[in-house]
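The values are calculated or read from the model by the stated rules, or taken from the named source; none is laboratory data. In this text the structure is predicted, and so the values were computed from the model without any measurement. Every residue, glycine among them, receives a Cβ derived from its backbone with ideal geometry; neighbour counts consider all protein chains shown. Protein only, heavy atoms only, side chains kept; ligands, DNA and RNA dropped before computing areas. Shrake-Rupley method; radii C 1.70, N 1.55, O 1.52, S 1.80 Å.
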Amino acid sequence: MALEKLGKALRESLRKIARAGYIDKETLEATIKDIQRALLSSDVNVKLVFDLSERIKKRASEEKPTPGVSPREHIVRIVYEELLNALAGKQESLELKGKDKIMLVGLFGSGKTTTCAKLGKYLSKKGLKVALIGTDVWRPAAFEQLRQLGEEANIDVYGNPKEKNPVKILKSELGKVKDYDVVIVDSAGRDAFDKELGEELKKISKIVSPNEKLLVLPADIGQKAAEQAKEFNDIVGIDGVILTKLDSSAKGGGALSACASLGVPIKFVGLGEKLDDFEEFNPTKFISKLLGMGDLETLIKKTQEIFKEGGEGFTENITKGKFTLKDLYTQIQGMRKMGPLKKIFEMLPMGFGADISEDKLQLSQEKINRFTYIMDSMTPYELENPDVLDRSRVERIAKGAGSSVEEVRALIKHYNFTKKMMKRFGKNKRSMEKLLKGFRFNKGL
Ligand SMILES: Nc1nc2c(ncn2[C@@H]2O[C@H](COP(=O)(O)OP(=O)(O)OP(=O)(O)O)[C@@H](O)[C@H]2O)c(=O)[nH]1
Ligand SMILES: [Mg+2]
């Protein structure tokens with residue numbers, strides 16, 4: 001995850017709320033101070049930090065928690081929403097219409113050429129036929145760099161290193177790329193935005209007529225990103241930003257918040273030097289992960305799929321409260337299918353997953369396996385009617401599973417807990433969170 005330091009500091013401040021039994025003014029103030037410190041050290045603009053703090057305070061005192069939401073969760077939600085707003089803005093993905101042309105612009109060393117190849121690879125993985133065109137006549141060996149990157153990404157590269165006029169290059173190369181689904185045009189940078197670069201990019205833009213002009217901004221310029229985005233937008237016009245070097249910058253928060261406050265959508269982020277260190281920017285996912293709140297949307301979707309697999313009666317039984325050990329069996333098998341437990345826990349809220357160590361996870365996975373053995377030793381009648389599990393049955397099952405009476409009891413305890421949670425399943429997301437939290441933190445486990 002990019003922005004390690006900022007993420008860690010923000011998670012720490014949210015944990016204070018999670019740990020507090022009761023949230024008074026002081027706790028809130030202290031948390032806001034922590035958040036301020038974290039944001040400022042990530043180069044977020046002072047005024048933005050101040051405004052954000054005020055909004056959190058105001059909302060915390062004015063908005064009442066919705067029924068069923070604890071004051072703690074209420075505050076965490078407010079902080080989350082405000083940070084989402086301040087750091088990530090709205091989602092706006094790259095929209096491809098077919099026969100697309102994308103032009104990348106930016107200053108020296110921002111990552112344009114690398115990003116051409118990254119974006120090209122990303123799109124070609126989606127099954128699109130991609131070509132790159134180099135128009136940088138400034139950087140020595142710029143074309144060679146693009147050619148090598150294209151080769152690495154398995155994408156065709158067009159250009160002419162001998163020609164010193166970008167317009168002439170385009171005039172001859174554009175004709176050769178008509179069959180491609182997407183054409184990405186690399187351009188030259190400068191040390192700073194100036195009239196000459198503006199003119200050059202306008203000329204390129206006119207002949208390419210791209211449907212997307214994306215500004216490549218390195219995260220290490222922090223809040224200065226705002227200035228650059230404005231300069232490029234005023235003269236060249238931009239449809240969005242690709243924020244690079246988020247992996248290596250302590251100032252990432254500054255760059256992110258600068259784009260968010262300008263309302264310039266970040267469409268992709270660069271997270272390393274390798275061509276695969278690149279992803280579409282999804283604000284909610286990004287901030288949830290940063291705050292260790294997990295990716296609930298994905299988790300819920302996955303869980304629902306598994307419930308579907310349990311068959312028609314399964315979900316119905318559960319919502320009616322008729323949750324038997326057989327249903328628990330299906331659920332646990334589903335957990336296995338959802339993939340490595342670590343992945344699941346990473347999706348859980350409030351960093352419960354983020355900081356769980358491998359060995360603890362291993363134990364849980366083991367536990368799941370052992371629970372499965374135990375249930376395999378039960379008769380169908382017992383699975384359907386867990387209430388009949390008396391001492392002698394428990395002893396028999398333990399023996400059959402090569403397990404212990406305690407462990408069978410732990411399973412029953414877990415079953416009872418899950419059953420309670422299951423009754424509320426389907427009503428809202430929070431029950432799901434609790435259920436999954438319970439799965440991990442239930443004392444029986
Ligand atoms: N760590 C990290 N490095 C990156 C990222 N993107 C690009 N770089 C590095 O940044 C340096 C500059 O990248 P280029 O792609 O050459 O930048 P450019 O904008 O084309 O530069 P000019 O052609 O000189 O204007 C290279 O060493 C890249 O490997 C990223 O997301 N993370
Ligand atoms: Mg370049």
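Looking only at residues of segment 20-48 that are among the charged types (D, E, K, R) and open to solvent by less than 80 Å² (accessible area, probe 1.4 Å), we find that the one that is farthest from the chain's Cα centre (by Cα) is ASP24.
For every residue, the table says whether it meets (1) without any contact (Cβ under 8 Å) to a residue 40 or more places away in the chain; (2) closer than 29 Å to GLU92 by Cα.
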site: ILE155; (1), (2): yes, yes
site: GLY159; (1), (2): yes, no
site: ILE169; (1), (2): yes, no
site: SER172; (1), (2): yes, no
site: GLY189; (1), (2): no, yes
site: SER205; (1), (2): no, yes
site: SER209; (1), (2): no, yes
site: LYS213; (1), (2): no, yes
site: PRO218; (1), (2): no, yes
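You will find that of SER261, SER257, the residue that is more than 16 Å from ligand 1 (Cβ to nearest atom), at pLDDT 90 or above, open to solvent by 40 Å² or more (accessible area, probe 1.4 Å) and not hydrophobic (A, V, I, L, M, F, W, C) is SER261 and no other. Please tell me if ASP51 is open to solvent by less than 40 Å² (accessible area, probe 1.4 Å) and among the acidic types (Asp, Glu). Judged against the criteria, ASP51 is not a match.
Applying the criterion of being over 17 Å from VAL157 (Cβ atoms) and away from ligand 2 (no atom under 13 Å from the Cβ) to the residues of segment 101-131, the residue that is least open to solvent (accessible area, probe 1.4 Å) is GLY127. Quick check on segment 195-210. Is at least one of its residues at pLDDT 95 or above, open to solvent by 10 Å² or more (accessible area, probe 1.4 Å), on the phi > 0 side of the Ramachandran plot and out of contact with any helix residue (DSSP H, G or I) (no Cβ under 6 Å at 6 or more places or on another chain)? Yes. I'd like to check something: does segment 75-90 contain any residue that is closer than 30 Å to GLY272 by Cα, surrounded by 15 or more Cβ atoms within 10 Å (Cβ to Cβ) and in contact with a strand residue (DSSP E or B) (Cβ under 8 Å, 6 or more places away or on another chain)? Within segment 75-90, one or more residues are closer than 30 Å to GLY272 by Cα, surrounded by 15 or more Cβ atoms within 10 Å (Cβ to Cβ) and in contact with a strand residue (DSSP E or B) (Cβ under 8 Å, 6 or more places away or on another chain).
Does PHE286 qualify as being in a helix (DSSP H, G or I) and within 16 Å of ligand 2 (Cβ to nearest atom)?
No: the conditions fail for PHE286.
Of the helices (runs of 4 or more DSSP H) that lie entirely inside segment 54-162, those containing 1 or more residues that are in contact with a Pro (Cβ under 6 Å, 6 or more places away or on another chain) span 71-87, 142-153. The residues of segment 132-154 that are more than 13 Å from ligand 1 (Cβ to nearest atom) and crowded, with 24+ Cβ neighbours inside 10 Å amount to a single one, ILE133.
Give me a count of the residues in segment 187-202 that are basic (Lys, Arg) and within 12 Å of ligand 1 (Cβ to nearest atom).
Initially, segment 187-202 is screened for residues basic (Lys, Arg), giving 190, 195, 202.
Retained after the next criterion (residues that are within 12 Å of ligand 1 (Cβ to nearest atom)): 190.
Residues in segment 187-202 being basic (Lys, Arg) and within 12 Å of ligand 1 (Cβ to nearest atom): 1 in total.
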